[in-house]
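The values are calculated or read from the model by the stated rules, or taken from the named source; none is laboratory data. Note that this is a predicted model, so its numbers are computed, not measured. Quick reminder, even Gly has a Cβ in these numbers, built from the backbone with ideal geometry, and neighbours come from all protein chains shown. Accessible surface areas use protein heavy atoms only, side chains included; no ligands, DNA or RNA. Shrake-Rupley method; radii C 1.70, N 1.55, O 1.52, S 1.80 Å.
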Amino acid sequence: MIAGADVEWIQTLDYIGTAVFAISGALAAGRKQMDVFGVVVLAMVTAVGGGTIRDMMLDNGAVFWLHATEYIWIVSAAAAVTMLVEKTTRVSSYRWLEFFDAAGLAVFTVIGVAKAQANGLSVEISLVFGVMTGTFGGLIRDVLANDVPHLLRREIYATASLSGGLCLVTLDYFGVAALTAILTAMAVVFVVRMAALYFKLSLPVFNYQGK
Amino acid sequence: MIAGADVEWIQTLDYIGTAVFAISGALAAGRKQMDVFGVVVLAMVTAVGGGTIRDMMLDNGAVFWLHATEYIWIVSAAAAVTMLVEKTTRVSSYRWLEFFDAAGLAVFTVIGVAKAQANGLSVEISLVFGVMTGTFGGLIRDVLANDVPHLLRREIYATASLSGGLCLVTLDYFGVAALTAILTAMAVVFVVRMAALYFKLSLPVFNYQGK
Amino acid sequence: MIAGADVEWIQTLDYIGTAVFAISGALAAGRKQMDVFGVVVLAMVTAVGGGTIRDMMLDNGAVFWLHATEYIWIVSAAAAVTMLVEKTTRVSSYRWLEFFDAAGLAVFTVIGVAKAQANGLSVEISLVFGVMTGTFGGLIRDVLANDVPHLLRREIYATASLSGGLCLVTLDYFGVAALTAILTAMAVVFVVRMAALYFKLSLPVFNYQGK
């Protein structure tokens, strides 16, 4: 049962998701030529935004990073390393932003579903929490950096998150071990999203051009 | 007393408000040619956004849809029906978006005021909650769809919401039956808003063009 | 100890911060030629936005203005006076917006840090709360008014807030009286921010122009 998944595993995953989303936020800030502290702020909002909204909605005690100072340090370190690596390697490529964004989407989707399940929410609501936790940090990043939100772009994005969430609850339903289910679900999100970017996959579009 | 209004009535109204705001969100998504799942996401954010912020501020237990899976289904169904109807009828007209937005504004304003009153808040704060519940879902929709927010446009919008809220607390104060007061207040919001659109009514503007 | 600072002082400061941020919101609304009620709405969101998000995250009872009707009146009065003064004096200057924004940043940074400390949070998290309380109201104002957020502009902004927060916890650590520490920290934020605007000070920029 993912609701009872080894807490340490979830915790480690959460740190990893925080770091990769922080990197995506730092890169987005760099594209807007923000100053070094602005980079840290945007990295922070991206990395903890989704989980913060999730926790405020669950109303299950304090927001996760309130008594866990390490999140601030992980984000700051990830942002600093991102700037240093870019300064030395000059590998500037928009693809890195997408890569780290996809990784964060995968990790946080799974954590969102697991936390919702642990709070006794229904499967449907848990899937909504997965999509929300996975996408809202990046959404805030995109709105603040004045980019078109990933959530609203043509290539499959929220759908990748939903697929992974569905995979997780399905595997869990059939009694697959939590760790296997979690890793598989994350792989599903990541692969679906990267495939969508690579092959420019998209769902049918709803076109409503009324005046 | 609206605070003690028949809960079933409020519940039914809430479902209706959810459906009409979901339609407005789906239409806004269609204008940006989002994919079908993006349409559902924008419909959901629009439909439950205002009430979610209201509930997080009230801090009175969990957010309303957390243990009420039907909201997810109402939104999904409303979005699906919107796409199907448009596909078959091709009646595309921006006016439908405004029509459903006005209906949602009317319903959610009244529910916001009633919930605030039921939580023992003052009349002024209850009116703020009415405007907030009525306008924030649409506000998030407009920010995400990168439209100019209705809240900030020239035609009377928040003022329509405030008028209905004032009508509700006034009728309530004079002992009018809850149902009558609620229906009248909703009619006030809807009529004021539609009249503002039709006759292009607006309040005086504050112009501050300093450099 | 700032955590135990004279509550009345903090309360008075909070009213002042509310008023000055309301003025900055009203001026931002005037630059977009919003109608009079829209001006009040934007003033309100700017003035109470940062503290509202702070309180929702602290999850320490209701949001501060929920049972304190005076905030609504302070904001409305500040917005009304702003419109009247501008109507009679025509001093329109963008610098006034920046001036009041800097004053609000100073007051709310300090209140954010003090509230976080009073809730037993670590120094690092308290600094984050200071920056968050100080900047998020203006951030919402800028996003709604469709301006480039101050938080993301080139001149030192969040850094000014962080400097004041650091000053506050340092003075507090060395046992300086709460009132002295608070006034000094506010002066630091305000002076750093105004100096940054006047001398166009900025931190090094992170430039990431990958395609």
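Surface calculation, 1.4 Å probe, protein heavy atoms: C:Ser122 sits at approximately 40 Å² accessible. Annotation: extensible slack from A:Gln11 through A:Thr69 equals 19.5 nm (criterion: 0.36 nm per residue apart, minus Cα-Cα distance). Among C:Arg95, B:Arg154, the sequence by solvent-accessible area, most first, with a 1.4 Å probe is C:Arg95, B:Arg154. Heavy atoms only, probe 1.4 Å: what % of the accessible area of the range C:10-71 goes to carbon and sulfur, would you let me know? It is 59 percent, rounded to a whole number.
Placing R0 at 45 angstrom, the Cβ-Cβ distance between A:Gln33 and B:Leu179 gives a FRET efficiency of 0.20 after rounding to 0.05. Membrane-span-like helices of chain B, defined as complete DSSP H segments with a Cα extent of 30 Å or more along the helix axis and a mean Kyte hydropathy of at least 0.5, are identified as B:7-31, B:36-58, B:94-118, B:123-144, B:178-199.
For the chain pair C and A, the interface hides roughly 3000 square angstrom of accessible area in total, found with a 1.4 Å probe. Each other copy holds its own label point for B:Thr12; taking that point as 7 Å from Cα along Cα to Cβ, the gaps run 5.5, 5.5 nm, nearest first. Per residue of C:26-37, other chain Cβ atoms within 10 Å of the residue Cβ number 6 on average. Let me make sure I get this right: for chain C, a, b and c are the square roots of the gyration tensor eigenvalues over alpha carbons, sorted descending. Under 1.5 in a/c it's rounded, otherwise prolate if a/b > b/c, else oblate. Which is it? Note, shape of chain C comes out oblate.
Across peptide B:145-152, the mean count of Cβ atoms from other chains lying within 10 Å of each residue's own Cβ comes to 4. The alpha-carbon positions of the range B:112-210 define a convex hull whose volume is 128 Å³ per residue. Given the range A:48-88, what whole percent of its Cα pairs are spread farther than 17 Å? Counting every Cα pair in the range A:48-88, those more than 17 Å apart make up 44 percent. For A:Asp59, the accessible surface of its heavy atoms amounts to roughly 50 Å² (probe 1.4 Å, protein chains only, rounded to the nearest 10).
If you run the Gaussian network model on chain A, springs between alpha carbon atoms under 10 Å, then out of A:Ile72, A:Ile182, A:Ile23 the most flexible one is A:Ile72.
With a Förster radius of 30 Å applied to the beta-carbon distance between A:Ala195 and A:Ala77, the computed FRET efficiency rounds to 0.45. Based on DSSP H segments of at least four residues, each scored -39500 (n - 2.57), chain B has a per-residue ellipticity at 222 nm of -25500 deg cm²/dmol. For A:Tyr94 and B:Ser93, what is the calculated FRET efficiency with R₀ set at 51 Å and r taken between the beta-carbons, to the nearest 0.05? E(calc), rounded to 0.05, equals 0.85. The residues neighbouring A:Met57, those whose beta-carbon lies less than 11 Å from its own, together hold a net charge of -1 under the Lys/Arg +1, Asp/Glu -1 convention. When all protein chains stay in place and ligands, DNA and RNA are ignored, the 1.4 Å accessible-area order of C:Arg90, C:Arg31, largest first, is C:Arg90, C:Arg31.
In terms of its C-alpha gyration tensor, the range A:79-144 comes out prolate, because a/c is 1.5 or above and the ratio a/b outweighs b/c. With a/c under 1.5 counting as rounded, go ahead and sort the protein assembly as shown into rounded, prolate or oblate using the C-alpha gyration tensor (a ≥ b ≥ c being the square roots of the eigenvalues; past the cut-off, prolate if a/b is larger than b/c, else oblate). Here the protein assembly as shown falls in the rounded category.
Of the listed residues C:Glu8, B:Glu124, the order by accessible area with a 1.4 Å probe, largest first, is C:Glu8, B:Glu124. Using C-alpha pairs below 8 Å separated by at least 6 residues, the relative contact order for chain A is 25 percent. For the protein assembly as shown, the solvent-accessible area with a 1.4 angstrom probe is 39 square angstrom per residue. Taking B:Ala118, B:Ala185, B:Ala29 as the candidate residues, the one with maximal mean-square fluctuation in a Gaussian network model of chain B, Cα springs under 10 Å, is B:Ala118. Quick check: the distance between the Cα centres of the range C:13-33 and the range B:32-67, to the nearest angstrom? Measuring centre to centre over Cα atoms gives 29 Å.
Rank A:Leu166, A:Leu121, A:Leu84 by mean-square fluctuation in a GNM of chain A with C-alpha springs under 10 angstrom and give only the top-ranked residue. Among A:Leu166, A:Leu121, A:Leu84, the largest mean-square fluctuation in the Gaussian network model of chain A belongs to A:Leu84.
Take B:Trp73: with every protein chain present and a 1.4 Å probe, its accessible area is about 140 Å². Sorted from shortest to longest, the distances between the B:Gly120 label points of this copy and the other copies are 2.5, 2.5 nm, with each point 7 Å from Cα along the line through the beta carbon. When the chymotrypsin sites (Phe, Trp or Tyr not before Pro) in the range C:147-211 are filtered for DSSP coil states and for at most 16 other beta-carbon atoms within 10 Å of their beta-carbon, the remaining sites are C:Phe174, C:Phe199.
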